[in-house]
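Let me begin by presenting the structure, written as structure tokens, before commenting on it.
Just so it is clear, none of the values below were taken in a lab; they were calculated from the coordinates. Everything numeric in this text was worked out from a predicted model, so none of it was measured. FYI the Cβ positions are ideal-geometry reconstructions off the backbone, even for glycines, and counts take in every protein chain you see.
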Amino acid sequence: MENDIEAVREVLLELAKKMVNNPDKVTVKIREEEDERGHVTVLGVSADDKDFGILIGTLGANAQALRKVIGVVAHRQVNRRVYVQIDAKPKKFLY
């Protein structure tokens, strides 16, 4: 089962790398968590600060598309819930 989730992680990593300007800075980490519905695997995507806008997209469209594709892949590979989280660093605004 661990190899199956690793295959899902690799799919997400390749998709994210193809979307951004700095593919060498893209990482995907696997976390196992519990929520109100039970066990869930979280795939956290990190990238260069300048690339988060590309990963998220206008009105979150790119992030939503990534989540849908990975959801289908995960369902077929591991048959369990997998969430995609874009791990953006909060920006400090100077007013």
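Would you mind computing, in nm to one decimal, how far apart the modelled labels at R31 and D49 are, each placed 7 Å from Cα along Cα→Cβ?
About 2.1 nm, to one decimal.
Restricting to the chain, what percent of DSSP beta bridges are antiparallel, rounded to 5? Walk me through the numbers before you get to the answer.
Numbers: 9 of 14 bridges.
Looking only at bridges with both residues in the chain, the antiparallel portion is about 65 percent.
Using Cα pairs under 8 angstrom and six or more residues apart, how large is the relative contact order of the chain, in percent? Write down the numbers at each step before the final one.
On the way: 125 pairs, mean separation 27.7, N = 95.
Relative contact order for the chain comes out at 29 percent.
Using per-residue counts of other Cβ atoms within 10 Å, averaged over each peptide, order 42-49, 7-14, 60-67 from highest down.
42-49, 7-14, 60-67
Under 17 Å from the Cα of K18, which aspartates and glutamates turn up, not counting those fewer than eight places away in the same chain?
List returned: E10, D48, D49, D51.
Lys/Arg Cβ at +1, Asp/Glu Cβ at -1, dipole of the chain taken about the Cα centre: which of H39, V78, L66 is farthest positive-ward?
Most positive-ward Cα: L66.
For the chain, what is the largest minus smallest coordinate of the Cα atoms on each principal axis, given in angstrom and ordered from greatest to least?
Sorted largest first, the three principal extents are 46, 30, 21 Å.
For the chain, what is the mean residue ellipticity at 222 nm derived from helices alone (per DSSP H run of n ≥ 4: -39500 (n - 2.57); sum divided by total residues; nearest 500 deg cm²/dmol)?
That comes out to -13500 deg cm²/dmol.
Just to confirm the number: angle between the C-alpha axis of helix 61-77 and the first principal axis of the chain, 0 to 90 degrees, nearest 10?
20 degrees
Return the equivalent ellipsoid semi-axes of region 13-56 as a descending list in whole Å, where each equals the square root of 5 times an eigenvalue of the C-alpha gyration tensor. Write out the running numbers ahead of the final one.
On the way: eigenvalues 127, 19, 13 Å².
Each semi-axis is the square root of five times an eigenvalue, giving 25, 10, 8 Å.
With charges only on Cβ, +1 for K and R and -1 for D and E, what is the dipole size of region 2-86 about its Cα centre, in debye, rounded to 20?
Details: 13 positive and 14 negative charges, 67 e Å.
My answer is approximately 320 debye.
Please determine, in degrees from 0 to 90 and to the nearest 10, the orientation of helix 2-19 with respect to the longest principal axis defined by the Cα atoms of the chain, where the helix direction is its Cα long axis.
Its long axis makes an angle of about 30 degrees.
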